[in-house]
Amino acid sequence: MKKLLNCISIMSLLVLTACGGATVINPEKNAVDFTIEGGEEKVDVKADGTWNVKECPEWVTAEIQDSILVIKTARNETGAVREGDIVLAGKGQVQAAIKVTQAAKCTRINPETDKVEFEKEGGTQTVRIDTDGSPQVEAPEGFTATYAGGVLTINAPANEEGAKNGEIKLTGDDQSATIAVTQKGNICPKCNGTGKVKCSKCGGQGEYFSEAYMSVFGCSKCGGGGQLEKPGSSEEDWYDYGFHKGSGKMKCPQCGGSGH
């Protein structure tokens, strides 16, 4: 009989504790930061009884959903950083505070990488962006990019033409960042599929003039050699020393001469 009474007493105590005001309130975080754009944050609150929102900044809305506190803010149009406290109250003097801060402008845009590469089959890739704003996104032709919730999503369709490259630009207030984006293709964009580019030594001329020797040399980098020497002052007085003009072309450094 005594054991039965003890069990009933314990159960009654548990019921009273659950139905009464909380004597312990522990939010999972004591600070929440919002970007200038605002948004929604959810904070799990551990408590041994009921609790309510006692205080809340006028620019913040706070709703209780079971044991979750849902905090919402709109875009900050004030031009200044906003700060305030949400105060949760339980039984008697039991309270807990959550500091809420909202930025006035974007102060950083930091992509986790500055380069994204696609195969010619295309696809989708994501890049996490560390930012306290909502950056505007500008993508180069042949790519699409969108930003939401700290993630940049980049799409590239299948590419049956030449390789593509460009920069994705992220801007917000006075902050900016770029991400280089490339995609392989069937045609090399540097040589347009020919496998050859203008010779970097002679500029495509196949020969070059040396003031030190007062001679014209066939460019050896693109297949030439020898020289035309001018020992005298007469414009017609030239001698051929095995001179051979180069093609003016060299193997494309991007595709290695394959053309794709």
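Every number here is computed from the coordinates shown, using simple stated rules; none is lab data. Keep in mind the model is a prediction, meaning the values are calculated, not measured. As a convention, Cβ positions derive from the backbone with ideal geometry for all residues, glycine included, and neighbour counts pool all protein chains shown.
General remarks:
- Calculated log₁₀ intensity ratio I(q)/I(0) where the Debye formula runs over C-alpha points of the chain, q = 0.16 Å⁻¹: -1.11
- Prolate/oblate/rounded label for segment 145-207 (Cα gyration tensor, a/c 1.5): oblate
- Proximal lysines relative to residue 46, as straight alpha-carbon distance under 25 Å, when same-chain residues fewer than 8 apart are discounted: 29, 54, 72, 91, 99
- Segment 24-102: radius of gyration and largest Cα-Cα distance (Dmax), Å: 12.5, 41
- Computed over the chain, the per-residue total of -39500 (n - 2.57) for DSSP H runs of n ≥ 4 gives a 222 nm mean residue ellipticity of -2500 deg cm²/dmol, rounded to 500.
- Three-way shape call for segment 123-235 based on the alpha-carbon gyration tensor, with the a/c threshold at 1.5: prolate
- Point-charge dipole on Cβ atoms (K/R +1, D/E -1) for the chain, about Cα centre, debye to 20: 880 debye
- By the beta-carbon count within 10 Å of each Cβ, the least crowded to most crowded order of 209, 118, 143, fewest first, is 209, 143, 118.
- For residue 230, a cut-off of 28 angstrom between C-alpha atoms picks up these lysines, skipping any fewer than 8 places away in its own chain: 198, 201, 221, 245, 249.
- Seen against the Cα atoms of the chain and their longest principal axis, helix 2-19 is set at about 60 degrees.
- When Rg and Dmax are taken over the Cα atoms of segment 37-152, they come to 19.5, 66 Å.
- FRET E, pair residue 120, residue 37, Förster distance 25 Å, beta-carbon r, rounded to 0.05: 0.10
- R0 of 30 Å, Cβ-Cβ distance residue 182-residue 136: FRET efficiency to nearest 0.05: 0.85
- The order of 99, 221, going from fewest to most other C-beta atoms within 10 Å of their C-beta, is 99, 221.
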